[in-house]
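Inspection log for the structure reproduced underneath, given as structure tokens.
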Amino acid sequence: MSETDLLTLQVTHIRTLQQRYEQALAECGYDSLLISSGAAPLRYGDDQAFEFQGYGPFLHWTGLTGQEHSWLLIRPGQAPVLWLYQPVDFWHANLELPEEPWHQAVELRFSEQREAPSMARTGQLAVIGDPAFLGEVPGEHNPEALRQALDETRVRKTPYEIACLARANELAVAGHTAARDTFLAGGSEFDINLAYQQATRQREAEAPYHSIIGVNEHAGTLHYQYYDTTAPAQARSLLIDAGVRFRGYCSDITRTTPGVGEGRFAALVQGLERLQHRLCDMVAPGVDYVAIHRKTHEGIAALLSAAGLVSGLDDQALVEQGVTRAFFPHGIGHFLGVQVHDVVGERQPSPEDAPFLRLNRTLEADMVVTIEPGLYFIPSLLEPLLDGPLGRHLDRDMIDELRGCGGIRIEDNVVVTEAGSRNLTREAGG
């Protein structure tokens, strides 16, 4: 998609949000809404702040992830008013906005003050944002019914949002390719991270989340957070879970690469890849997302049996007796948007057999989800199984051999379409 087409879609996106927000305000009994961008809080006992990426509803409208102390006013039948904090400051640079068509769809103002703007107040005003930054702003702060209604406006993505998510996938796929090549060339986790940042042209502080880069057994820690600066003597596996922000929208992609000579592990990676393709193909309107999660456990059971990791139990028993949950302990995925784990995925508590699932809704067109099956060799989960009555069905020697590879996860970003689905990650060459 050309840059011109993308910018045209953004104007339509703002008009769509205006309609959705007006409806939510009317249903909840409010006449106007003030949205705070928020700001990064200072670290305790320090004069340095945490990295700031913005408040969801503010990003939904503007995409301005690093813009602090700014405000957006929504009123029915009137153009949104956006106050951007632009102090006269010799310590820091102010955000420079390129001239774009969306500026004509809002009333853009600049302010040297961090506080909410002074404005004539008529009717019922709602104010949403981090309570720490709302202070004494007039109006009702964070009314729950309205917040829920506004969160729901983010579930079905506009064409502009889908275009941004597609571009975020394209950028991240380039990073994943560079990461894989660096791993195969003998790079450390730190080297892999630098290669990813270089390829995506995005600082880690700007990325949607801290990249998970696990070599060998580190791949078995689901949210492994460190980067070894020295490569291991034998590089057996790489798991990298990393994304990119584009105009506020996130990609969230995971790939697993076996090391040279790791034939058994490579076969498991291929098996999980085939399963992941089938799960992505399940994405369609009217499909219960929990059903995709449960189908994943059936697929993991079949893969464990085919690989010889488990024997003497049929696939149904592997699922029902919790064996597959020891190898695949997390949920199959989540909503994706201006937040990596986007909002309102759980309208009711997750089912007992999927306690960590972040999405349990029926899929509808224009939702965007991740599909991320995994198969891991995590000692704290496998040891109780091996030492229990089911242990005789598991091949301990094979599991011990594979522990050093950590685990496998393969994750794509998928749009629900009217007729089925569109895989943004594979479309981008991932």
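When you scan the stretch 234-246, how many residues do you find that are over 13 Å from the mean Cα position of the chain (by Cα) and crowded, with 24+ Cβ neighbours inside 10 Å?
Here is the first cut: in the stretch 234-246, the residues over 13 Å from the mean Cα position of the chain (by Cα) are 234-240.
Filter again for crowded, with 24+ Cβ neighbours inside 10 Å, leaving 237-240.
Adding up the residues that qualify gives 4.
Here is a check on your reading of the model: is residue 174 over 16 Å from residue 421 (Cα atoms) and surrounded by fewer than 18 Cβ atoms within 10 Å (Cβ to Cβ)? Lay out the reasoning, then the answer.
Values: over 16 Å from residue 421 (Cα atoms): yes; surrounded by fewer than 18 Cβ atoms within 10 Å (Cβ to Cβ): no.
Here the answer is no, as residue 174 does not meet what is asked.
Given the conditions (1) in contact with a strand residue (DSSP E or B) (Cβ under 8 Å, 6 or more places away or on another chain); (2) over 29 Å from residue 415 (Cβ atoms); (3) at pLDDT 95 or above; (4) not small (Gly, Ala, Ser), report the number of the one that residue 226 does not fulfil.
(1)
Determine the pairs where a residue that is closer than 30 Å to residue 250 by Cα and touching a residue at least 24 places away in the same chain (Cβ under 8 Å), located within the stretch 315-337, has a partner that is open to solvent by 10 Å² or more (accessible area, probe 1.4 Å) and among the aromatic types (Phe, Trp, Tyr) with Cβ atoms under 6 Å apart, the partner being 6 or more residues away or on another chain.
Matching pairs, first to second residue: 330/356; 331/356.
Go through the stretch 247-273 and report how many residues are buried (at least 23 other Cβ atoms within 10 Å of the Cβ), over 15 Å from residue 219 (Cβ atoms) and touching a Lys or Arg at 6+ places or on another chain (Cβ under 9 Å).
Counting residues in the stretch 247-273 that are buried (at least 23 other Cβ atoms within 10 Å of the Cβ), over 15 Å from residue 219 (Cβ atoms) and touching a Lys or Arg at 6+ places or on another chain (Cβ under 9 Å) gives 2.
Within the stretch 247-262, does at least one residue satisfy the condition of being basic (Lys, Arg) and in a helix (DSSP H, G or I)? Before the answer, list the steps.
Going through the stretch 247-262, the residues basic (Lys, Arg) turn out to be 247, 255.
From the residues that got through so far, the ones that are in a helix (DSSP H, G or I) too are none.
No: zero hits.
Report whether or not residue 149 is surrounded by 16 or more Cβ atoms within 10 Å (Cβ to Cβ), over 21 Å from residue 68 (Cβ atoms), in contact with a His (Cβ under 9 Å, 6 or more places away or on another chain) and of a type outside the set (Phe, Trp, Tyr).
So residue 149 does not fit the description; no.
Please enumerate the residues belonging to the stretch 315-338 that are buried (at least 21 other Cβ atoms within 10 Å of the Cβ), assigned to a helix (DSSP H, G or I) and touching a Ser or Thr at 6+ places or on another chain (Cβ under 9 Å).
Passing the criteria: 318, 324.
Sort out which residues of the stretch 10-39 are among the charged types (D, E, K, R) and either within 19 Å of residue 102 (Cβ to Cβ) or in contact with a Ser or Thr (Cβ under 7 Å, 6 or more places away or on another chain) (or both), and write them in order of number. Can you show your working first?
Of the residues in the stretch 10-39, the ones among the charged types (D, E, K, R) are 15, 20, 22, 27, 31.
Correct list: 15, 20, 22, 31.
Please state which one of 312, 299 is in a loop (DSSP other than H, G, I, E, B) and either out of contact with any Phe, Trp or Tyr (no Cβ under 8 Å at 6 or more places or on another chain) or crowded, with 19+ Cβ neighbours inside 10 Å (or both). Before you say what the answer is, go through the steps one by one.
Details: 299 fails: in a loop (DSSP other than H, G, I, E, B).
From the options 312, 299, the qualifying one is 312.
Which residue, of 100, 112, is open to solvent by less than 30 Å² (accessible area, probe 1.4 Å) and more than 25 Å from the chain's Cα centre (by Cα)? Before you say what the answer is, go through the steps one by one.
Details: 112 fails: open to solvent by less than 30 Å² (accessible area, probe 1.4 Å).
The unique qualifying residue is 100.
Look at the stretch 378-420 and say how many of its residues are more than 21 Å from residue 305 (Cβ to Cβ), crowded, with 20+ Cβ neighbours inside 10 Å and charged (D, E, K, R).
2
Could we say that residue 27 is part of a loop (DSSP other than H, G, I, E, B), surrounded by fewer than 14 Cβ atoms within 10 Å (Cβ to Cβ), in contact (Cβ under 8 Å) with a residue 12 or more places away in the chain and not aliphatic (A, V, I, L, M) here? Reasoning before the result, please.
On the way: part of a loop (DSSP other than H, G, I, E, B): no; surrounded by fewer than 14 Cβ atoms within 10 Å (Cβ to Cβ): yes; in contact (Cβ under 8 Å) with a residue 12 or more places away in the chain: yes; not aliphatic (A, V, I, L, M): yes.
So residue 27 fails the test.
So which helices (runs of 4 or more DSSP H) stay within the stretch 141-237 end to end and still have 3 or more residues that are of a type in the set (A, V, I, L, M) and in contact (Cβ under 8 Å) with a residue 60 or more places away in the chain? Working first, answer last.
Values: elements: 144-152, 159-184, 189-200.
Where helices (runs of 4 or more DSSP H) fall fully within the stretch 141-237 and carry at least 3 residues being of a type in the set (A, V, I, L, M) and in contact (Cβ under 8 Å) with a residue 60 or more places away in the chain, they are 144-152, 159-184.
Can you tell me which residues in the stretch 213-226 are open to solvent by less than 40 Å² (accessible area, probe 1.4 Å) and of a type in the set (Phe, Trp, Tyr)?
224 - this is the single residue of the stretch 213-226 that is open to solvent by less than 40 Å² (accessible area, probe 1.4 Å) and of a type in the set (Phe, Trp, Tyr).
The values are calculated or read from the model by the stated rules, or taken from the named source; none is laboratory data. All of these numbers come straight from a predicted model, not from anything done at the bench. Cβ sites come from the backbone with ideal geometry, for glycine too, and all protein chains shown count toward neighbours. Side chains included, ligands, DNA and RNA excluded: accessible areas come from the protein's heavy atoms. Shrake-Rupley method; radii C 1.70, N 1.55, O 1.52, S 1.80 Å.
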